[in-house]
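Any read-out appearing in this document is the output of simple, stated calculations on the displayed coordinates, not a laboratory observation. Since we're looking at a predicted model, the values are computed, not measured. All Cβ positions, glycine included, derive from the backbone under ideal geometry; neighbour counts span all protein chains shown.
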Amino acid sequence: MIKSKILALSVLILSLLFAACQDDKYTKIDDLFQPRVLDEPEVKSNSIAMVWYEVNDAVSYTVELHLDNYYKSLFATIETTDPYVFVDDIPYGTTFYIRVRSNAVQSIHNSQWTYKNATTEPRPTYAKIVEDVSKADITENSATIRWEVDPGNPADSISVMTSAGGVLEGVARYLTQEERTVAMRDRRVNEKYIVCSQCVRYEQTS
């Protein structure tokens with residue numbers, strides 16, 4: 001009877017030791033702690049700020065902004081040594097799925113990700129000061145662009161971009177002082193007019 005109890009106790013001890021070894025196998029005690037975000041990300045207009053508690057032994061932090069909650073559509077990656085991040089001038093009315101981790105000297109000991117999300121505010125309304133461009137305003141080598149000078153909505157530059165969303169490079173320049181102040185200005189832009197199957201581009205020639 002005593003031998004049976006000793007045998008059962010030995011089996012129990014061996015089982016516990018085996019379980020402990022298994023736990024150690026999946027628990028890396030040298031890994032860094034996940035960053036603990038101090039509060040929800042703060043949104044102002046089209047900027048996002050996020051603060052987290054500093055992690056001991058972290059050499060840096062990696063912050064990623066994604067456009068989907070599966071974290072497959074990366075918008076931006078930020079490496080920082082500070083326990084906070086400020087992202088400005090990002091799209092309005094957009095939900096960003098954010099994750100941050102602590103980085104160790106050896107990347108194998110980087111922490112797991114901490115996940116948050118935030119939505120920027122809708123784009124504010126703005127005055128339409130540029131008139132529509134008609135076909136008559138476009139010639140083989142020039143384009144006429146008209147706009148109204150509005151003291152409440154001053155314009156300081158003008159750009160012509162592709163209708164295909166960046167397939168070809170657009171052009172841009174600052175307005176002259178005269179162009180900024182004339183009440184109604186017709187500006188003939190000295191550009192080369194190019195037509196392709198999906199886009200229209202103006203290339204500056206001088």
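A quick yes/no check of all residues on (1) touching a Cys at 6+ places or on another chain (Cβ under 7 Å); (2) in contact (Cβ under 8 Å) with a residue 40 or more places away in the chain; (3) closer than 27 Å to Arg180 by Cα:
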| position | (1), (2), (3) |
| --- | --- |
| Thr81 | no, no, no |
| Arg99 | no, no, no |
| Gln106 | no, no, no |
| Ser111 | no, yes, no |
| Pro122 | no, no, no |
| Ala127 | no, no, yes |
| Glu148 | no, no, yes |
| Pro154 | no, no, yes |
| Ile158 | no, no, yes |
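Can you tell me which residue among Glu54, Glu64, Glu79 is outside any loop (DSSP other than H, G, I, E, B) and more than 25 Å from Arg123 (Cα to Cα)?
Values: Glu54 fails: outside any loop (DSSP other than H, G, I, E, B); Glu64 fails: more than 25 Å from Arg123 (Cα to Cα).
None of the other options fit; the residue is Glu79.
In segment 38-55, the residues that are under 21 Å from Thr94 (Cβ atoms) form Cβ pairs under 6 Å with partners that are acidic (Asp, Glu) and not in a loop (DSSP other than H, G, I, E, B), at six or more places apart or across chains, as follows: Ala49/Glu42.
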